[in-house]
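Presented below is the structure to which this report refers.
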Amino acid sequence: MSEVKTFVPAPDRAPPSNTLGPIAWVRENLFGSLSSTVATLLFFYLFFSYVPPFIEWALINANWTGADRSVCEANPAGACWTFINVRLEQILFGLYFASNPDELWRPTFIFILFFALLLPLLFEKTPGKKWLTIALLGVFPVVFYFVVYGGSFGIPQSNTTQWGGFLLTFALAFVGILLALPIGILLALGRRSELPVIRSICVVYIEFWRGTPLITILFMASVMLPLFFPAGVEFDKVVRAMIGITMFQSAYTAEAVRGGLAAIPKGQAEAAMALGLGYWKRTIFITLPQALKISIPSIVNTFIALFKDTSLVSIIGLLDLLNMAQTAARSVEWKGYDIEGYLFAGFIYWAFCYGMSRYSQNLERKLDTNRRN
Amino acid sequence: MTTDTQMASAELGDTIIKIDGLNKWYGQFHVLKDIDLDVKRGERIVICGPSGSGKSTLIRCINRLETHQEGSIVVDGIELTEDTKHINDIRREVGMVFQHFNLFPHLTVLENCTLAPIWVRKTPKREAEETAMRYLERVKIPEQANKYPGQLSGGQQQRVAIARSLCMNPRVMLFDEPTSALDPEMIAEVLDVMVGLAEDGMTMLCVTHEMGFARKVANRVIFMDGGQIVEQNEPEEFFNNPQNDRTQLFLSQILQH
């Protein structure tokens with residue numbers, strides 16, 4: 001009988017030294033082949049011919065202070081941020097609050113409150129996140145209504161037709177997102193229902209609103225909706241826009257959620273059934289959390305699209321952030337400074353959309369239970 | 001480990017599952033044909049047969065993961081009908097272990113085990129967690145309680161799946177090819193747990209091709225083909241002296257290698 005050998009695993013060795021370090025990285029990733037070298041050089045050429053002049057114009061030579069255009073006319077080589085500075089209230093809060101300095105505290109308070117609730121939520125270790133979320137999604141909209149719309153507690157009612165600027169963009173997007181998510185989830189579940197009636201209703205709803213351009217919906221909400229109600233019943237223009245946006249958005253959210261639901265293996269629902277969990281418990285604890293996790297990127301994608309699409313409300317005469325910046329840049333005092341107006345509006349849109357995008361990536365990472373620590 | 005004969009001759013109780021004249025179709029395809037099956041309390045049945053023979057479908061009918069078109073299934077005195085309440089009543093008494101484990105990947109091992117007791121049986125959370133830890137110890141992985149299923153090996157996942165079912169304190173356990181998706185080295189650890197369950201007197205219906213397991217713990221082995229029960233017998237007779245030529249062919253093929 002032969003002797004039994006003992007298995008000894010071979011020790012791990014370090015990789016060859018020429019595959020490590022920054023120089024190896026540059027050689028491999030930037031100049032690895034002829035086409036990669038050409039692309040690298042082209043990129044550096046374009047970067048250095050466009051970016052430094054832009055920074056010079058937008059930051060180094062820019063005009064920041066002053067009260068009228070004379071400052072900017074004296075220094076045309078730099079951007080005229082004086083314009084934004086002077087018209088900031090109008091662009092951010094709209095005409096009603098910009099023209100009533102006594103009421104400026106209202107939108108200011110609302111945005112401070114919003115960020116005070118939101119920012120702690122972005123940090124992993126904040127205690128009481130559940131309550132902060134409830135405050136942000138449940139209490140904040142109510143506070144928004146009483147403070148910004150007013151009409152009670154001695155706060156004068158604001159005229160919604162004069163709401164505008166970022167405040168309007170924010171209000172439309174916030175309401176759209178807040179209402180579209182639960183409606184969209186119900187629609188997605190309905191579309192996968194075993195009951196033909198519920199399924200048909202959801203399919204028709206989703207396909208109708210998804211197949212219609214938002215601009216058409218807003219136009220119809222503005223022009224046609226009043227025709228369906230008896231004379232004298234007047235719907236607020238902003239409310240009409242909110243309803244239209246919510247209908248539209250919920251159809252998109254529904255499809256994003258349905259994509260997630262479809263990706264959950266059948267075995268998940270079966271295992272839940274085998275444990276005796278009924279439909280709603282199964283949905284709430286098992287399928288929906290997993291489906292939402294999968295569909296975070298596409299849900300946030302539709303939210304980002306919505307945030308920017310709110311500028312379409314200009315079709316019904318509402319001046320959101322973009323349109324307000326444009327309007328300000330066309331006033332007699334600031335004619336010709338469109339670029340600064342668009343850049344500022346663009347920057348705010350970008351900041352919010354990028355924030356949403358980063359938050360969704362963060363959430364995806366946090367919810368990824370498949371990583372091995 | 002008790003011997004084969006001891007296990008086989010253990011006292012059996014009254015009938016817990018009674019299947020009469022069961023027929024099922026998938027569209028035009030007749031998957032189950034006139035199945036009659038009585039399962040006694042404490043009985044351990046192994047069901048084998050070629051793929052497509054209807055063995056999985058049969059046990060999935062018992063907890064209504066599949067609906068049947070003809071015949072009756074009575075589990076612990078409750079007849080399976082369209083009535084959702086009856087279905088859920090039966091499902092909470094019948095545990096099931098799947099080929100692909102079907103653990104909930106977004107919940108920890110402990111949460112997997114406590115979800116149903118808390119929300120279906122209304123057990124207080126602390127009590128449910130104590131029960132869960134007891135069963136996790138029994139399947140020898142209490143140290144994994146706070147990990148997610150994706151961090152465990154296949155064999156560990158299947159043991160968690162068994163613990164999850166046991167937490168509902170079921171009267172019957174259904175196993176649907178519990179070791180078919182496992183690497184060879186992990187099959188043994190899952191079978192060990194199943195043997196332990198059998199020794200404790202659990203009523204088990206097990207679809208498997210682990211013939212060693214069948215010999216060791218089954219009171220009865222059922223062979224199915226073409227949606228029918230071809231032959232059933234106690235393991236010793238079944239393996240040594242199969243009566244039907246279809247059974248002989250099947251056994252010669254799976255025991256050959």
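Just so you know, all these numbers are worked out from the coordinates, no wet-lab data involved. No experiment lies behind these values; they were computed from the predicted model shown. Here Cβ is always computed from backbone atoms with ideal geometry, including for glycine, and neighbour counts include all displayed protein chains.
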State, as an integer percentage, the relative contact order of chain A based on alpha-carbon contacts under 8 Å between residues 6 or more apart. 16 percent
All other residues with a Cβ under 11 Å from the Cβ of B:Glu177 taken together, and with Lys, Arg as +1 and Asp, Glu as -1, what is their net charge? -1
Using the number of other C-beta atoms within 10 angstrom as an exposure proxy, rank B:Leu205, B:Leu110 with the fewest first. B:Leu110, B:Leu205
Principal axis extents for segment A:119-255, Cα atoms only, whole Å, descending order, please. 49, 48, 23
Hand me the GluC sites (Glu not before Pro) from segment B:55-113 located in a DSSP loop with no more than 10 other Cβ atoms within 10 Å, in residue order please. B:Glu82
Gyration tensor verdict on chain A (Cα atoms; rounded if a/c is under 1.5, prolate if a/b is larger than b/c, oblate otherwise): oblate
Once the dipole of segment A:1-103 is set up from charges on Cβ (+1 Lys and Arg, -1 Asp and Glu), the residue from the list A:Ser36, A:Leu59, A:Leu92 lying farthest towards its positive end is A:Ser36
If contacts are Cα pairs under 8 angstrom and at least 6 residues apart, what is the relative contact order of segment A:141-279 in percent? 32 percent
What percent do you get for the relative contact order of segment B:124-257 when only Cα pairs under 8 Å and 6+ apart count? 16 percent
Classify segment A:1-130 as rounded, prolate or oblate from the Cα gyration tensor: take a ≥ b ≥ c as the square roots of its eigenvalues, call it rounded if a/c is under 1.5, otherwise prolate when a/b beats b/c and oblate if not. oblate
Tell me what the protein assembly as shown gives for mean residue ellipticity at 222 nm when only DSSP H runs of n ≥ 4 count, each as -39,500 (n - 2.57), the sum divided by the residue total, rounded to 500 deg cm²/dmol. -16500 deg cm²/dmol
With a 4.7 Å Cβ cut-off, tell me which Cys residues in chain A come up empty for a partner. A:Cys202, A:Cys353
Which of the three applies to segment B:24-143, rounded, prolate or oblate, going by the alpha-carbon gyration tensor with a ≥ b ≥ c and a/c under 1.5 meaning rounded? prolate
Nearby lysines by direct alpha-carbon distance to B:Lys122 (threshold 19 angstrom, same-chain neighbours under 8 apart not counted): A:Lys281, B:Lys85
Residue among A:Pro156, A:Thr212, A:Phe285 farthest towards the positive dipole end of the protein assembly as shown, charges placed on Cβ: A:Pro156
Just counting partner chain Cβ atoms within 10 Å, what average do the residues of peptide A:276-283 show around their Cβ? 5
Based only on other Cβ atoms within 10 Å, what is the fewest-to-most ordering of A:Phe83, A:Phe31? A:Phe31, A:Phe83
Taking each residue in B:151-158, count the Cβ atoms of any other chain within 10 Å of its Cβ, then average. What number comes out? 1
Exposed GluC sites (Glu not before Pro) absent - longest run of chain A, DSSP non-H/G/I/E/B, at most 13 other C-beta within 10 Å: A:4-123
Hey, could you grab the Kirkwood Rh for segment A:22-68? Inverse mean 1/r over distinct alpha carbon pairs, Å, one decimal. 13.2 Å
Let me confirm one metric for peptide B:96-102, namely the mean number of other chain beta-carbon atoms within 10 Å of its residues' beta-carbons. 4
Tally the DSSP beta bridges in the protein assembly as shown and give the antiparallel ones as a percent, rounded to 5. 50 percent
Reach of A:Lys335 by Cα under 27 Å, taken over lysines that are not fewer than 8 positions away in the same chain: A:Lys308
At 15 Å minimum axial length over the Cα atoms and a Kyte-Doolittle cut of 1.6, report the qualifying DSSP H helices in chain A, or say none. A:105-121, A:165-191
Residues other than B:Thr247 with Cβ under 12 Å of its Cβ, Lys/Arg counted +1 and Asp/Glu -1, net out at -3
Protection proxy (average C-beta count within 10 Å per residue), highest first, orders B:143-155, B:160-172, B:210-222 as B:160-172, B:210-222, B:143-155
Taking the convex hull of Cα positions in segment B:98-257, its mean projected area over all directions (nm²): 10.2 nm²
Run the reach check for B:Lys40 against lysines, Cα to Cα strictly under 20 Å, same-chain hits fewer than 8 apart removed. What comes back? B:Lys18, B:Lys55, B:Lys216
